[in-house]
1. For Phe76, which of the numbered conditions (1) free of Cβ contacts under 8 Å to residues at least 60 places away in the same chain; (2) assigned to a loop (DSSP other than H, G, I, E, B) fails to hold?
2. As an exercise: evaluate Gly272 against (1) surrounded by fewer than 20 Cβ atoms within 10 Å (Cβ to Cβ); (2) assigned by TED's automatic domain parsing to the domain that holds Asp130 and give the number of the one condition it does not meet.
3. Looking only at the range 10-58, count how many residues are more than 16 Å from the ligand (Cβ to nearest atom) and either assigned to a helix (DSSP H, G or I) or touching a Phe, Trp or Tyr at 6+ places or on another chain (Cβ under 9 Å) (or both).
4. Among the residues of the range 74-87, is there at least one that is on the phi < 0 side of the Ramachandran plot, under 18 Å from the mean Cα position of the chain (by Cα) and surrounded by 20 or more Cβ atoms within 10 Å (Cβ to Cβ)?
5. For Val266, state whether it is part of a helix (DSSP H, G or I), touching a helix residue (DSSP H, G or I) at 6+ places or on another chain (Cβ under 9 Å) and without any contact (Cβ under 8 Å) to a residue 12 or more places away in the chain.
6. Filter the range 126-147 down to residues that are within 15 Å of the ligand (Cβ to nearest atom) and more than 13 Å from the chain's Cα centre (by Cα) and give me whichever is nearest to Arg63 (Cα to Cα).
7. For the range 116-134, state whether one or more residues are crowded, with 23+ Cβ neighbours inside 10 Å and part of a helix (DSSP H, G or I).
Amino acid sequence: MKKIAVLTSGGDAPGMNAAVRAVVRSSEYFGYEVLGVNFGYRGLIEADFKQMEHLDVSGIIQRGGTILKSARSEKFREAEGRAIAAANLKKEGVDALVAIGGDGTFRGGTMLSKEHGINVVGVPGTIDNDLIGTDETIGYDTALNTAMQAIDKIRDTADAHERLFLVEVMGRDAGFIALETGIACGAELIILPEAIEKIEDIKESLKDILKEKSRSTLVVVSEGDESGGAIKLSKKLEKDFSKYDMRVGILGHIQRGGSPTAHDRVLASRLGYEAVHAIHKGLSEVMVGVINHEVKITPIAETFGKMKKINMELYELAKILR
Ligand code: F6P
């Protein structure tokens, strides 16, 4: 009987629980045993394992966070840490590891495979949506909706005072959340790391927008933008825009929590199953994703490192519609 280990690592994302549930129940379907790993790679090093069965994952599909907990492990970044992790997996007789996470998780998993021959299969789970090999990552849709609802509320108060608001959203080095929430909230301006704009150009755009508008003005800023996020951008703007009542809002970790949307639950269920299915078919060192609604298998090492392209047509659309 095959034994599959499963962990969630890096920044948690809504829908990770649905993915864990799918891994456990699909393993049961294929007749495999499942070992849950607490706290991601840290748990691999500390041998923090637990057997997981059908009922251990009941009632979790609707819950945010991750029942397996998560961590960013410094020790796992070192060869010594990875050697301990691999030895612990081998001692347990684990045939494959399903790693649910983002680029850091897959980077670590790839090293574990290369150095110790562990079969790591990736399931993309990050609100950032910055992995190649899938149109969307688990958690992205929920984060978008959470950010949209929060920004809608900011719009109400911004309208009431006719204020200029800079709202910062997450995404580390990627602007996916900023772009789509910006469009969904009718932002007047969207500032992304992928669309390099000099501060002088941002000022010019803002002046044009403020000329036309009498009510509120909303600028959605990606945390990874070259201006350094909304607070730093506001400092660069305050002198030229001193006659406006400017405010800054940072949405922060609220975007990582909450019950996953239907879309994320379905995506997570599908990808959790596909990860076990890939192992069943004898595949190794791959990530399962969905592209154009179809399941896509990509070598895990190709999913991170390069920037996933943002849809610049959407960026242009936002300018037309503002
Ligand atoms: O990768 C997910 C993410 O939420 C990024 O958007 C953000 O930059 C980062 O994690 C924050 O990480 P932490 O919770 O460790 O501060």
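The values are calculated or read from the model by the stated rules, or taken from the named source; none is laboratory data. Because the structure is a prediction, the values reported are computed rather than measured. For neighbour counting, all protein chains shown are included, and Cβ atoms are generated from backbone atoms with ideal geometry for every residue, glycine included.
1. That leaves (2) as the condition not met.
2. It fails just one condition, (1).
3. Number satisfying all stated conditions: 26.
4. no
5. On the way: part of a helix (DSSP H, G or I): yes; touching a helix residue (DSSP H, G or I) at 6+ places or on another chain (Cβ under 9 Å): yes; without any contact (Cβ under 8 Å) to a residue 12 or more places away in the chain: yes.
So Val266 fits the description; yes.
6. The extreme case among them is Thr146.
7. no
Every residue, every condition in (1) within 15 Å of the ligand (Cβ to nearest atom); (2) in a strand (DSSP E or B); (3) closer than 30 Å to Met246 by Cα; (4) touching a strand residue (DSSP E or B) at 6+ places or on another chain (Cβ under 8 Å), yes or no:
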position: Leu68; (1), (2), (3), (4): no, no, no, yes
position: Ala86; (1), (2), (3), (4): no, no, no, no
position: Gln149; (1), (2), (3), (4): no, no, yes, no
position: Asp159; (1), (2), (3), (4): no, no, yes, no
